Amino acid sequence: MSEGSANGRPLLEVEDLVVRYRVPRGMSGALLRRPRRFVHAVSGVSLAVRRGEMVALVGESGCGKTTTAQAILRLVEADAGSVRFDETEVTSLSAPELRRLRRRMQIIYQDPYESLDPRFRVSATVAEPLVIHRVGSRSEQRTAVEHALERVGLAPPELFVDRFPHELSGGQRQRVAIAASLVLKPDLLVADEPVSMLDVSVRAGILGILDELRDRGLAVLMITHDLSTAARFADRICVMYLGRIVEEGTASEVIESPQHPYTRALLSVVPRRDPRRRVAPQILRGETPNPIEVPSGCRFHPRCPIAVAACKETDPELRAAAGARGHRAACLLLDS
Amino acid sequence: MTESLLGVEDLNVWFDLPNGGTLHAVQGVSFSVATGTRLGMVGESGCGKTTTILALMGLLPATASVSGRVLFDGVDVLERGEQTVAPHRWNDIAMVFQGAMNAFDPVQRIGDQILEAIELHKQASGREAERRVQELLEMVGIAPGRAKSYPHELSGGMRQRAAIAMALSCNPRILLADEPTTALDVMVQAQILELLLHLSNDLGLALVFVTHDLPIVAQTCTSAAVMYAGRIVEQGPIDALYHEARHPYTRLLWAATPDLESRDDVVSIPGVPPRLDAPFRGCPFAPRCDLATELCSGERPELKVVGDAHVSACHYASSLEVVS
């Protein structure tokens, strides 16, 4: 383990991250010199993930959670802000430096039917990162592949190494994808909706693997729209709305005493398992506004059930809720 | 008990496979639906839920053979195949297909596509049909002006509302909805569920929800059927199905579902369902069941009454301890 954990700093620290995508103007737009427009996908996100911690980034489609993850791994370039991984600034690394660092940060995707190459046997898929990064001899690679497969519950490995993806179930494919992300012994694993394509009967198995990896010291950033999963598995939850984190705290703080009106509304519409447990749903009308034209002031104010006049003017910062240091919400009416 | 509107009796569906084999996808399914009630059909992928409701609509492909009875108002609609089912399809029983919101013609306005459905089914024509489109859009919560929108100009939630409006164009009495909120965000999902509940409560529409999402069924349905390997293994009022589940599979499904307010361990169900292209002996769930005995692998359990309108196909249904 490196110094990063010794002095108590988080392994991953993201500060004021901004990612914008340019909206194509088309030829007539360019000739007429119409103003350039941007999709403000991520507008000032800060978050931290420690070793041995699972942080869930939750929010609806289009809120910027996947773009945040991609910018952390530099799969897209940030327009502003910083991403520090074990005290190294990721946003300014040169290509060879980035390549070395990437061994330590891995990602698994939502769809195990799409993310595995159908022509690769399991052994080739899992060994590929080792081959690309030229780690170890053939036999060392083989051992690493077997270890990774055992770690994700595909045991005995001999039973799986020669199979093709079409010979595996959805849950097994996702296990293979996780094994491939583990062979390089990363310190950070980003999991983008890791179970949403899978049957409910196998989800717990996949989440259990992430849980165990976290217990062994891996930092896990899980992107999900499923609040029940975040509540059960994550240590901390960050709630995103229209490119911003509007609330963050420990999973129990956010779920049991949500402070932001958006979080409250979201939690009220999550269906509960027990038919007797009825929660009055606080259904927000309309849809999330378009991230090209972000509302003035608090970006949630047009849909907010408790907005006051000041909410149209002032863009609230994340502030700590009374009596809770790590529990913060971006609402002008916090604690009132 | 209210009079049953739809009765399904001993429904079986077989598919011819390209290799000459046969897959027995639905194996003796029976259930009934009364006006204004909401039935959830749940189970893992491939358990036969979608095939069951496609059979009710008479929409299975030519490779399928069907047996059993589907009674609508007491009349068997499957009796002479297409000839007897066609008059009921859309007029009495309608369906919102999985992914319907992505199945609109991209180059036709939404309103025109609904209009086409109305005219095709000779519900109305001309000005009256246009009025009907406005009425349907209003019913599902779409502003009348949006009739002129193209599908890509509407959000996913709005397109799903339009798909529901289209299914309602002939005033059906039962709506079958296949995964109606999958792929929608939780807030939009809440809006669609609110709409379906309104249609059921205020217009008396009977609903059959096919979904893999148990909490949705818990919060919106009056009863539920749990399917496994082509059969209903447990069925009952939703409260009993959660609090007094009498089949080990039902219990495991609940335990595999995380809940916002519970710190209970979430379990996975090891193993996979049996193949349906070969006969098997005993209880189809036995190989994955912790409680299975020799009896279970030798003899197939039939559905037995275990409570009020509550049936379970487990040899040990009555001795399963009631946990809650």
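A few comments on the model shown:
- Members of region A:278-303 found to be crowded, with 17+ Cβ neighbours inside 10 Å and hydroxyl-bearing (Ser, Thr, Tyr), listed by number: A:288
- Residue within region A:131-141 that is touching a Pro at 6+ places or on another chain (Cβ under 7 Å), surrounded by fewer than 21 Cβ atoms within 10 Å (Cβ to Cβ) and either within 14 Å of chain B (Cβ to nearest Cβ) or free of Cβ contacts under 8 Å to residues at least 40 places away in the same chain (or both) present: no
- Selected residue (only one of B:277, B:265, B:290 is over 30 Å from residue A:255 (Cα atoms), exposed (fewer than 12 other Cβ atoms within 10 Å of the Cβ) and not basic (Lys, Arg)): B:290
- Failed item in (1) modelled with pLDDT of 95 or more; (2) of a type in the set (D, E, K, R); (3) surrounded by fewer than 16 Cβ atoms within 10 Å (Cβ to Cβ), with residue A:272 passing the rest: (3)
- Applying the criterion of at least 2 residues that are touching a Gly at 6+ places or on another chain (Cβ under 6 Å) and more than 14 Å from chain A (Cβ to nearest Cβ) to the strands (runs of 3 or more DSSP E) found wholly in region B:1-98 leaves B:4-16, B:22-34.
- Any hit, region A:203-211, residues being among the charged types (D, E, K, R), under 23 Å from residue B:213 (Cα atoms) and within 16 Å of the chain's Cα centre (by Cα): yes
- Region B:235-246, residues that are within 12 Å of chain A (Cβ to nearest Cβ) and not small (Gly, Ala, Ser): B:237, B:238, B:239, B:241, B:242, B:243, B:244
- The set of residues in region A:128-153 that are under 25 Å from the mean Cα position of the chain (by Cα) and of a type in the set (Gly, Ala, Ser) comprises A:148, A:153.
- Annotation: of all residues in region B:179-209 being aliphatic (A, V, I, L, M) and over 24 Å from residue A:267 (Cα atoms), the one that is nearest to the chain's Cα centre (by Cα) is B:208.
- Flag if residue B:199 is closer than 17 Å to residue B:35 by Cα, more than 10 Å from every other protein chain (Cβ to nearest Cβ) and not polar (S, T, N, Q): yes
- Only listed residue being within 28 Å of residue A:150 (Cβ to Cβ) and within 19 Å of the chain's Cα centre (by Cα), chosen from A:101, A:116: A:101
Quick grid of which residues meet (1) modelled with pLDDT of 95 or more; (2) within 8 Å of another protein chain (Cβ to nearest Cβ):
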{"position": "B:191", "(1), (2)": "no, yes"}
{"position": "B:216", "(1), (2)": "yes, yes"}
{"position": "B:226", "(1), (2)": "yes, no"}
{"position": "B:233", "(1), (2)": "yes, no"}
{"position": "B:248", "(1), (2)": "yes, no"}
{"position": "B:251", "(1), (2)": "yes, no"}
{"position": "B:268", "(1), (2)": "no, yes"}
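- Yes/no for residue B:210 being buried (at least 22 other Cβ atoms within 10 Å of the Cβ), away from chain A (no Cβ under 12 Å) and either in contact with an Asp or Glu (Cβ under 8 Å, 6 or more places away or on another chain) or farther than 27 Å from residue B:36 by Cα (or both): yes
The values are calculated or read from the model by the stated rules, or taken from the named source; none is laboratory data. These figures come from a predicted structure and were not determined experimentally. With ideal geometry, Cβ positions are generated from the backbone for all residues, glycine too; neighbour counts draw on all protein chains shown.
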